[in-house]
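S.K.: Just dropping this structure here.
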Amino acid sequence: MQIHRRADRAALRAATAVVGVGTTEFGNLPGSSADDLGLTALEAALADAGLTARDLDGLIVNRVSSYEAVASRMGIEPRWTAQLPAEGRMTGIAIQMAVLAIATGMASTIALVYGNNGRSGGHTYGGGGASASAAAEGYGTNPALTLPYGMTSPGAFYAMMFQRHCAQYGTTAEQLAQVAVTLRDHASLNPHAVFTDPISREIYLESRFIVEPLKIYDYCLINDGGVAMILTSTDRARDCAQPPVHVLGLGQQGQLRNSDFPPDDFWREAIATAGQQAYTMADCARSDVDVLMAYDNFSPNVLFTLEGLGFCAPGESGAWIQDGRIGLRGELPINTSGGHLSESYMQGWALNVEAIRQLRRTCGDRQVQDATIAQYLCAAPVVTSVVYGAQA
Amino acid sequence: MNPRYLLTAHLEGLTRHELLISACAACGTQQFPPKAVCTRCGSTEIPRWNLVSGEGQLWTYATFHKTYLTDFHLPSPYVVAVIELDEGAKIYGNIAGPTMSSSLRIGQRVRAEFTTTDDENSHLIFVPADKEGT
C-alpha cells in the first residue's frame, strides 16, 4: 500500500490542532532537572488548554530523562508514547509523529514535553561528542577523522559552510550581522528572553570570534528551560480553552548521504523539498507565510533556510535580509521571540510555541499584525517543516 | 567491525606518512570515509585503498579561537580545513604554519604533509602549495 500519496497528505491538513503551549522561565536555573523543567512546562500547557493529565493518552518526550519518568510523575497513562534523541533536528519530527498518531487514531490528545538543563548542567557542545552535541565532529562521520584535527564543535560545521558561502557569493560579516542584530531587537520586546539588551552592527563586528568566521553573537545560547505542547484532533480542539491553531502542512527531507562534510548546496535541495511538501499539504504558497521560525542554532542557518525555501535566489540571502526585511514590520518577520540566539535555546521547541502565540495574537509588543500563517523550518541534514494556520 | 567501515588502512598509512583513500572496488569512485554501499554505483564490495598524491584544493576552512579538547596538540587559534583531493574525495586536516586565516583562500592549491605528535599519532597537515616556492 502506498501511503505517501499527495491525497493522503491533503487529508491530514487541519486534521489536528495545537491546543496548549507552556514554557518555563529561561536562564540559569540550578536545582531543576530537565524533567522538573519539562513537567513545569507541561503543567502550564495543560492549564493553557483547559485540560488535565487525565485527558492525555499520548506522550512524546525529548531531552528529559525518560518517558517513564514523565508519565509516572504526571499520572499519564499513554496509549501511545515515544522518546526522541536530544537533537534539535528531532523537534519537527516529534510534532509530525504526533499529527500522524492522532490522524490514524493511535492517540487522541498528545503531550510533547521537552526539558533542558544545559546551562546549570554545564553542557558545552564540543569536544567530547556526547549525544547532546552529536554534530561535534560532523553529522555522520567517524570521529577518528575529525577529533585528531580538533574539528570538535557543531558551530565549526556552520563556520565552514558560511566561509564557503562568502567565497562563493561574496556574503559578508556585515550582512550576517543583520541576523543577530534583528533577533536581539525581537528579544528586547520579549519578557521571557534571556538576552534583551539591543546590539548594534558595530558591537557585533567588534565581538570576538569563537570559530571564525562566526562570532559569539552568531551562536545560540546555552540555557535552562522547558517547553510543552498539546496536540489533539480538530474536533476535540473545539472544546479546549484556547482558540485552536491548526497544523496545516508537514514536510521532511534528509540529506544524510555524505554528511561527513559540510553540504556543497547548503542543504538547499532538502530544504526546498521539505518546504514544498509542507506548502502543498497546507494548500498555501511561500508568499502566504506571515512569520517564519527558522532554526537558528547558528546565524548562517537563517540564510541557508531563506535560500532553500526560495525567498531569495541562491547566494542572495546576505543582501535580502537587510533593511528591516526580517524584522517585525518587514516582509518576512523571522524568529519574533529572539530565537535561539537571544530568547532561549530550546532546540526548536520554543520557536514552535512562538509560532502558536503569534497565530493566537498574544505576543504583545512583538506581535506581527494579522499573522495567519506561520512556518517552522529546521535546516539540518534532516530538514523538517511545519506550517500552522490560525484558520483551518 | 564490518571491514567496509574500517579506517585501519588509512590510519596505518598516516604513520608511514602515506595518504590512503578508499574507493569503490567496482567503479573506482573515491569516497572517503569508506561506505558500505557505493553512492555512485551501489556496489557492496569491500572498498579498496588507493595511495593518493595528497594534492588538492582548499574547499573550506574555519579558524578555532577556542580549544574544546583539553589535550589537543595545536595551540589556538588553529585552522581546520576540508580539502578536496585531486582524486575527488574530501578529507579533514589542519593547515600548517602561522594561522593567519586572512592569508587563506578557498580554491587555493594545497598538498599533504604529515606530523607525528608526542603521543606517536600521525596527522595530516596541509601546506599551501605556493609556500614551496614553485
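S.K.: Return the only residue of B:91, B:83, B:46 being of a type in the set (Val, Ile, Thr), assigned to a loop (DSSP other than H, G, I, E, B) and either buried (at least 18 other Cβ atoms within 10 Å of the Cβ) or more than 8 Å from chain A (Cβ to nearest Cβ) (or both). Step through it out loud before you land on a result.
M.R.: Numbers: B:91 fails: assigned to a loop (DSSP other than H, G, I, E, B); B:83 fails: assigned to a loop (DSSP other than H, G, I, E, B).
Matching residue, one of B:91, B:83, B:46: B:46.
S.K.: Looking at region B:64-79, can you tell me whether even one residue there is away from chain A (no Cβ under 12 Å) and out of contact with any Cys (no Cβ under 8 Å at 6 or more places or on another chain)?
M.R.: Residues of region B:64-79 away from chain A (no Cβ under 12 Å): none.
No, that holds for no residue.
S.K.: While we're on this one: Here is a list: A:265, A:260. Which entry is touching a strand residue (DSSP E or B) at 6+ places or on another chain (Cβ under 9 Å) and more than 26 Å from residue A:98 (Cα to Cα)? Step through it out loud before you land on a result.
M.R.: Values: A:265 fails: touching a strand residue (DSSP E or B) at 6+ places or on another chain (Cβ under 9 Å).
So the residue among A:265, A:260 that is touching a strand residue (DSSP E or B) at 6+ places or on another chain (Cβ under 9 Å) and more than 26 Å from residue A:98 (Cα to Cα) is A:260.
S.K.: Let me ask you something else. Filter region A:352-392 down to the residues that are touching a Cys at 6+ places or on another chain (Cβ under 7 Å) and among the aliphatic types (A, V, I, L, M), then identify the one that is surrounded by the fewest Cβ atoms within 10 Å (Cβ to Cβ). I'd like the intermediate steps shown before the answer.
M.R.: Going residue by residue through region A:352-392, those that are touching a Cys at 6+ places or on another chain (Cβ under 7 Å) are A:357, A:373, A:384, A:387.
From the residues that got through so far, the ones that are among the aliphatic types (A, V, I, L, M) too are A:373, A:387.
Details: A:373: 24, A:387: 28.
Applying the filter and picking the extreme gives A:373.
S.K.: I've got another one for you. Quickly run through region A:102-111 and pick out the residues that are outside any loop (DSSP other than H, G, I, E, B) and in contact with a Ser or Thr (Cβ under 9 Å, 6 or more places away or on another chain).
M.R.: If we filter region A:102-111 for residues that are outside any loop (DSSP other than H, G, I, E, B), which is where we start, we get A:102-103, A:109-111.
Answer for region A:102-111, where residues must be outside any loop (DSSP other than H, G, I, E, B) and in contact with a Ser or Thr (Cβ under 9 Å, 6 or more places away or on another chain): A:102, A:103, A:109, A:110.
S.K.: Return a yes/no flag: does region B:111-122 have any residue that is outside any loop (DSSP other than H, G, I, E, B), facing chain A (nearest Cβ under 9 Å) and modelled with pLDDT of 95 or more.
M.R.: The answer is no, given that none of the residues of region B:111-122 is outside any loop (DSSP other than H, G, I, E, B), facing chain A (nearest Cβ under 9 Å) and modelled with pLDDT of 95 or more.
S.K.: Inspect all residues belonging to region B:1-10 and state whether any of them is away from chain A (no Cβ under 11 Å) and among the basic types (Lys, Arg).
M.R.: Yes; the residues of region B:1-10 include at least one that is away from chain A (no Cβ under 11 Å) and among the basic types (Lys, Arg).
S.K.: Pick out the one residue from B:59, B:49 that is touching a helix residue (DSSP H, G or I) at 6+ places or on another chain (Cβ under 8 Å), farther than 30 Å from residue A:214 by Cα and among the aromatic types (Phe, Trp, Tyr).
M.R.: Working: B:59 fails: farther than 30 Å from residue A:214 by Cα.
Being touching a helix residue (DSSP H, G or I) at 6+ places or on another chain (Cβ under 8 Å), farther than 30 Å from residue A:214 by Cα and among the aromatic types (Phe, Trp, Tyr) holds for just one of B:59, B:49, which is B:49.
S.K.: Just name the residue that is surrounded by the fewest Cβ atoms within 10 Å (Cβ to Cβ) out of those in region A:153-168 that are more than 7 Å from every other protein chain (Cβ to nearest Cβ) and closer than 14 Å to residue A:125 by Cα. Step through it out loud before you land on a result.
M.R.: Going residue by residue through region A:153-168, those that are more than 7 Å from every other protein chain (Cβ to nearest Cβ) are A:154-155, A:157-158, A:161-162, A:165-166, A:168.
Those left that are additionally closer than 14 Å to residue A:125 by Cα: A:154-155, A:157-158.
Working: A:154: 22, A:155: 24, A:157: 25, A:158: 25.
Checking each candidate, the answer is A:154.
S.K.: Any idea which of A:38, A:58 is crowded, with 19+ Cβ neighbours inside 10 Å and in contact with a Lys or Arg (Cβ under 7 Å, 6 or more places away or on another chain)?
M.R.: The match here is A:58.
S.K.: Report yes if residue A:49 is crowded, with 19+ Cβ neighbours inside 10 Å and under 20 Å from the mean Cα position of the chain (by Cα), otherwise no.
M.R.: On the way: crowded, with 19+ Cβ neighbours inside 10 Å: yes; under 20 Å from the mean Cα position of the chain (by Cα): no.
Judged against the criteria, residue A:49 is not a match.
S.K.: Can you name the residue in region A:191-229 that is under 16 Å from residue A:153 (Cβ atoms) and basic (Lys, Arg) and, of all such residues, is surrounded by the fewest Cβ atoms within 10 Å (Cβ to Cβ)?
M.R.: Per the criteria, the residue is A:208.
S.K.: Would a scan of region A:333-348 turn up a residue that is of a type in the set (A, V, I, L, M) and surrounded by fewer than 24 Cβ atoms within 10 Å (Cβ to Cβ)?
M.R.: Start the filter on region A:333-348 by keeping residues that are of a type in the set (A, V, I, L, M), which leaves A:334, A:341, A:346.
Narrowing the set further to residues that are surrounded by fewer than 24 Cβ atoms within 10 Å (Cβ to Cβ) leaves none.
No: region A:333-348 contains no residue that is of a type in the set (A, V, I, L, M) and surrounded by fewer than 24 Cβ atoms within 10 Å (Cβ to Cβ).
S.K.: Determine whether region A:140-147 contains at least one residue that is modelled with pLDDT under 80, more than 8 Å from chain B (Cβ to nearest Cβ) and crowded, with 23+ Cβ neighbours inside 10 Å. If you could, list the steps in order and put the result at the bottom.
M.R.: From region A:140-147, those modelled with pLDDT under 80 are A:140-141; that's our starting set.
After this cut, where a residue has to be more than 8 Å from chain B (Cβ to nearest Cβ) as well, the list is A:140.
Then keep just the ones that are crowded, with 23+ Cβ neighbours inside 10 Å; that gives none.
No, because not a single residue in region A:140-147 is modelled with pLDDT under 80, more than 8 Å from chain B (Cβ to nearest Cβ) and crowded, with 23+ Cβ neighbours inside 10 Å.
S.K.: Kindly indicate whether residue A:302 is at pLDDT 95 or above, within 19 Å of the chain's Cα centre (by Cα) and farther than 21 Å from residue A:114 by Cα.
M.R.: The answer is yes for residue A:302.
S.K.: Let me ask something else. Can you confirm whether residue B:39 is in contact with a strand residue (DSSP E or B) (Cβ under 9 Å, 6 or more places away or on another chain), within 12 Å of chain A (Cβ to nearest Cβ) and either free of Cβ contacts under 8 Å to residues at least 12 places away in the same chain or loosely packed, with under 15 Cβ neighbours inside 10 Å (or both)? Write out each step before concluding.
M.R.: Values: in contact with a strand residue (DSSP E or B) (Cβ under 9 Å, 6 or more places away or on another chain): no; within 12 Å of chain A (Cβ to nearest Cβ): yes; either free of Cβ contacts under 8 Å to residues at least 12 places away in the same chain or loosely packed, with under 15 Cβ neighbours inside 10 Å (or both): yes.
Judged against the criteria, residue B:39 is not a match.
S.K.: Further question: Tell me, please, whether a residue that is without any contact (Cβ under 8 Å) to a residue 24 or more places away in the chain, within 14 Å of chain B (Cβ to nearest Cβ) and not in a strand (DSSP E or B) can be found in region A:213-229.
M.R.: There is at least one residue in region A:213-229 that is without any contact (Cβ under 8 Å) to a residue 24 or more places away in the chain, within 14 Å of chain B (Cβ to nearest Cβ) and not in a strand (DSSP E or B).
S.K.: Okay, moving on. Looking at residue A:208, is it within 14 Å of chain B (Cβ to nearest Cβ), more than 18 Å from residue A:314 (Cα to Cα) and in contact with a helix residue (DSSP H, G or I) (Cβ under 7 Å, 6 or more places away or on another chain)?
M.R.: Numbers: within 14 Å of chain B (Cβ to nearest Cβ): yes; more than 18 Å from residue A:314 (Cα to Cα): yes; in contact with a helix residue (DSSP H, G or I) (Cβ under 7 Å, 6 or more places away or on another chain): yes.
Criteria met by residue A:208.
S.K.: Here is a further query. Taking the condition of being at the interface with chain A (Cβ under 7 Å from one of its Cβ atoms) and touching a residue at least 40 places away in the same chain (Cβ under 8 Å), how many residues in region B:49-63 meet it? Walk me through it before giving the result.
M.R.: Step one: list which residues in region B:49-63 are at the interface with chain A (Cβ under 7 Å from one of its Cβ atoms), which gives B:60-63.
With the extra rule that they be touching a residue at least 40 places away in the same chain (Cβ under 8 Å), the set shrinks to B:60-61.
So the answer is 2.
S.K.: If you go through region B:17-32 one residue at a time, do you hit one that is among the β-branched types (Val, Ile, Thr), closer than 26 Å to residue B:109 by Cα and in a loop (DSSP other than H, G, I, E, B)?
M.R.: First, pick out the residues of region B:17-32 that are among the β-branched types (Val, Ile, Thr): B:21, B:29.
Then keep just the ones that are closer than 26 Å to residue B:109 by Cα; that gives B:21, B:29.
Among the residues that remain, those that are also in a loop (DSSP other than H, G, I, E, B) are: B:29.
Looking for residues that are among the β-branched types (Val, Ile, Thr), closer than 26 Å to residue B:109 by Cα and in a loop (DSSP other than H, G, I, E, B), one finds at least one in region B:17-32, hence yes.
S.K.: To continue, here is another question. Do you know which residues across region A:61-81 are surrounded by fewer than 19 Cβ atoms within 10 Å (Cβ to Cβ), in contact with a helix residue (DSSP H, G or I) (Cβ under 8 Å, 6 or more places away or on another chain) and over 16 Å from residue A:116 (Cα atoms)?
M.R.: A:73, A:75, A:77, A:78, A:80
S.K.: What tally of residues in region B:55-80 results from selecting those that are assigned to a loop (DSSP other than H, G, I, E, B) and either assigned by TED's automatic domain parsing to the domain that holds residue B:18 or among the aliphatic types (A, V, I, L, M) (or both)? Break it down stepwise before answering.
M.R.: The initial filter retains those residues of region B:55-80 that are assigned to a loop (DSSP other than H, G, I, E, B), namely B:65-77.
Next, only the ones that are either assigned by TED's automatic domain parsing to the domain that holds residue B:18 or among the aliphatic types (A, V, I, L, M) (or both) stay: B:69, B:74.
Within region B:55-80, residues that are assigned to a loop (DSSP other than H, G, I, E, B) and either assigned by TED's automatic domain parsing to the domain that holds residue B:18 or among the aliphatic types (A, V, I, L, M) (or both) number 2.
S.K.: Scan region A:262-308 for residues that are more than 14 Å from chain B (Cβ to nearest Cβ) and assigned to a loop (DSSP other than H, G, I, E, B) and jot them down.
M.R.: A:267, A:283, A:284, A:285, A:289, A:290, A:295, A:296, A:297, A:299
S.K.: Another one. Among the listed residues A:231, A:221, A:248, A:256, which satisfies the condition of being modelled with pLDDT under 95 and hydrophobic (A, V, I, L, M, F, W, C)?
M.R.: Working: A:231 fails: modelled with pLDDT under 95; A:221 fails: modelled with pLDDT under 95; A:248 fails: modelled with pLDDT under 95.
One residue alone meets the criteria, A:256.
The values are calculated or read from the model by the stated rules, or taken from the named source; none is laboratory data. Just so it is clear, the structure is predicted and the values come from calculations on it, not from any experiment. As a convention, Cβ positions derive from the backbone with ideal geometry for all residues, glycine included, and neighbour counts pool all protein chains shown.
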